[in-house]
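Asks: Mind having a look at this structure? Questions to follow.
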Amino acid sequence: MAAKKDTAADTAKDRRAAERRAPPKAAPKETAKGAKPAVFNSNARTEISADEVRKLISEAAYYRAKQRGFAPGHEEEDWIQAEAEVMRRVGARGA
């Protein structure tokens, strides 16, 4: 009986050792025939709608007002600074 126990333990040890030595399996490639891999251009720009720009400006102006405690009388200044910041971020000139 002791021989069977040793054999089973040895088999388990051999199996674990083989698993450790085995190289990792490569993930299957799931590309269609003739499909080109995606290429990302660091200079690529996404079109942003006027509504999205206005929302970004509005949020930036809100956070500027919040930072100064929502003191009245600086709303236009907050908006102009927020607009300049957003336009700089999105890379727009003018508008």
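Asks: Give me the extension gain from Gln81 to Tyr62: residue separation times 0.36 nm, minus the current Cα-Cα distance, reported in nm with one decimal.
Replies: Taking 0.36 nm per residue and subtracting the Cα distance, the gain is 5.7 nm.
Asks: Now a separate question. How big is the dipole moment of region 47-95 about its Cα centre under a simple scheme where the beta carbon of each Lys and Arg is +1, that of each Asp and Glu is -1, and everything else is neutral? Debye, nearest 20, please.
Replies: The dipole magnitude comes to about 180 debye.
Asks: Please state the relative contact order of region 47-95 as a whole percent: Cα pairs under 8 Å, 6+ residues apart?
Replies: 40 percent
Quick note: the coordinates plus some simple rules give every number you see, no bench work behind them. Since this is a predicted model, take the numbers as computed values, not measurements. Neighbour counts are summed over all protein chains in view; Cβ atoms, including those assigned to glycine, are modelled from backbone coordinates with ideal geometry.
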